[in-house]
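Engineer: Could you have a look at this structure, given as C-alpha cells, before my questions?
The values are calculated or read from the model by the stated rules, or taken from the named source; none is laboratory data. Computed from a prediction, not measured in an experiment: that's the story for all the values here. Positions of Cβ are generated from backbone atoms using ideal geometry, with glycine treated the same way; all protein chains shown enter the neighbour counts.
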Amino acid sequence: MSIDNVLLGFHGAARTVTGSRYLLHACGQRTGIDAGIFQGYRSLRRLNWREPPYPAHTVDRILLTHAHIDHIGFLPRLVRNGFKGPILCTDASAELVRLLLMDSAKIQEEDARHANKYRYSKHSPALPLYSSQDAKATLKQLEVIDPNGWVDVGPRLRARWTGAGHILGSCSIEIEITANRGNTGTIVFSGDIGRYDMPLHPDPQPRPESQVLVCESTYGGRNHDLDVSVDDQMATAISRCLERRGTVLIPAFAVGRSQQLTFILRRLMLEGRIPQARVHIDSPMAVNATGIYGRHMDEHHLDADVFEDGRQVLFPDDVELHKTAKHSKELNRMRGPRIIISASGMLTAGRVLHHLKRLVGDRKNLVVLAGYQAPGTRGRAILEGQRTVRIHGQDLAVRAECVSLHGLSAHAGQSELMRWAASCETKPRQTFLTHGEPEAAWALAHKMERELGWNVDLPELDQTLDITDALGLG
Ligand SMILES: [Zn+2]
C-alpha cells in the first residue's frame, strides 16, 4: 500500500442509526466527516466511552454535514483528547452547533452528578463524557465555510457543501482528492437527506456526482405514505380539543420540529381550520433554535413557503416564548384553550413533564405526539395506550386524549432516498450505506442494486476500507 492510497474508516453509524463518524485518510492527512455520539440502548451508548481507534491529535480537520447531536455530539470528547484542527460547517450549522453542544455538555455533567449521587456507576467518581469547558473549547475551532463553491480544506483536498433539506443548514459534502499524478477522485457523504415538498425546509439538492458515495439509510425500508395529510391530522385533533376548551400539549424536539409545528399552526389558524388560540413555546432550546431559524431565512436555507409578501411567517400571530424557568411556571396558572409546545419530544425529561403532570388527568386536554417515540420512553407508553404514566415518582392516570402525528419525519423515506440517488445520472462505482438499522439498510441496498444497477455495501463498525481503486486513483 503506497502513501497515496485512500482509506475510509467507518467509526460510527455502521449498521445503526446514531454515532455518525467517518475518517478519510487521503494525501497524507486525516479528515473526519461528522463526529456524533451514539444514542438509544445502553449497549450503544457505551460505545461513546471507548477510545477511538485513532488518536484524536492525528486528525487534521473535521467537516460537518449538519448539527444534530448524533453527528456532532462527540466533538468535545475529541477536543478533550487532543484534537486541535478546524471544524468546518455552514453558518447556520455553526449557530446550531453552539446551542446544541453547550446543552449536550450540561446533560453529560448532570448524568455524572446523578450517577455519583445514586452511586450506580462502576467508576468512582463518575466523570462526564465531556464538560462545558470542553464544549466551549470546541466552539473556538468552528470555521464557517462559503457555501457557494469549492473550499480548499487541505493540500490536494477540496470540499463542497450542497443543501440536503433535512434541518436548517444541513448539507451533503463532496470531497475531491487530487492524486500525485494530478488525477482526481470524488467521494460524497450524503449526511441526512430530508424530504421533498415539506413545509419549512427546502427539497434536497440533486446528488453531486462522485465515484464513491456514503449514503444514509434511516428509512431505507419504508415510505412515509400518508392516508391523511399532516395538516388534516392536526386540524381534526386540535380543533376538537380547543372547542371543548382544553389545552393542547405538543412534546417536540427543539430544533426543526418545533419550528415546523408553529409554521403549520399559523397556516391552520389563517385558513380557519382551527380556532385562534395562544401558542406557547416553552423550552429555552426551542426559543433559541427558533431565533436561529429566523436569522437564516434567505432562499438558501429555508423553503419559499416561509415568506409572504417578503415577510417571514414562522409563527402564528399570538405566540408567547417562555425562556426562563419563572416564565415557564406562569403557565401552570393559565387555564383554558391554548397550545403548549415543549421539550423533550419523547417525554423523557425537561419542562414538558411538568405540563404533562398537570394536564394528563383531564379528558378535555390533548397530547399530540409529533415524532418517533423510542421503546422505553413515556411517549411510547402513552402511544401504546398505557392507562398510567410515572412522572417524578408519581403514577398518574392518563385521561387526556392522545394522538400521534404521522408524516413529519425529517428523514427521506425509501422512495425519496431513491429519488435523491437517481437525481444524478452518473452512477457511483461504489456505494456504502450507513446510518440505518441493518434491515432498513439492506432493503435500500437491494433496491439500489436492482433498480439502479449500483454496487452497494454495508460497512461494519471500525472497518477501514481501501477506496483508491473505486475513486479511480489506483
Ligand atoms: Zn440528522
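Engineer: Would you be able to say whether some residue in the range 332-345 is in the same structural domain as L396 (by TED's automatic domain parsing), under 25 Å from the mean Cα position of the chain (by Cα) and surrounded by fewer than 21 Cβ atoms within 10 Å (Cβ to Cβ)?
Structural biologist: Within the range 332-345, the first condition is being in the same structural domain as L396 (by TED's automatic domain parsing), and the residues that meet it are 332-345.
Then keep just the ones that are under 25 Å from the mean Cα position of the chain (by Cα); that gives 339-345.
Next, only the ones that are surrounded by fewer than 21 Cβ atoms within 10 Å (Cβ to Cβ) stay: 344.
Yes, some residue in the range 332-345 is in the same structural domain as L396 (by TED's automatic domain parsing), under 25 Å from the mean Cα position of the chain (by Cα) and surrounded by fewer than 21 Cβ atoms within 10 Å (Cβ to Cβ).
Engineer: Considering each residue of the range 23-49, count those that are farther than 19 Å from A179 by Cα, hydrophobic (A, V, I, L, M, F, W, C) and at pLDDT 95 or above, and give that number.
Structural biologist: Residues that pass the stated criteria total 2.
Engineer: Let me ask you something else. Please go through the range 229-268 and pick out each residue that is of a type in the set (V, I, T) and closer than 14 Å to I339 by Cα.
Structural biologist: Step one: list which residues in the range 229-268 are of a type in the set (V, I, T), which gives 230, 236, 238, 247-248, 250, 255, 262, 264.
Those that are of a type in the set (V, I, T) and closer than 14 Å to I339 by Cα: I238, T247, V248, I250, T262, I264.
Engineer: Confirm whether R21 is free of Cβ contacts under 8 Å to residues at least 24 places away in the same chain and either assigned by TED's automatic domain parsing to the domain that holds S190 or in contact with a strand residue (DSSP E or B) (Cβ under 6 Å, 6 or more places away or on another chain) (or both).
Structural biologist: Against the criterion (free of Cβ contacts under 8 Å to residues at least 24 places away in the same chain and either assigned by TED's automatic domain parsing to the domain that holds S190 or in contact with a strand residue (DSSP E or B) (Cβ under 6 Å, 6 or more places away or on another chain) (or both)), R21 does not qualify.
Engineer: Which residue, of F38, F83, F74, is over 15 Å from the mean Cα position of the chain (by Cα) and at negative phi? Please lay out each step first, then the result.
Structural biologist: Details: F38 fails: over 15 Å from the mean Cα position of the chain (by Cα); F74 fails: over 15 Å from the mean Cα position of the chain (by Cα).
Step by step, each of F38, F83, F74 is checked, and only F83 is over 15 Å from the mean Cα position of the chain (by Cα) and at negative phi.
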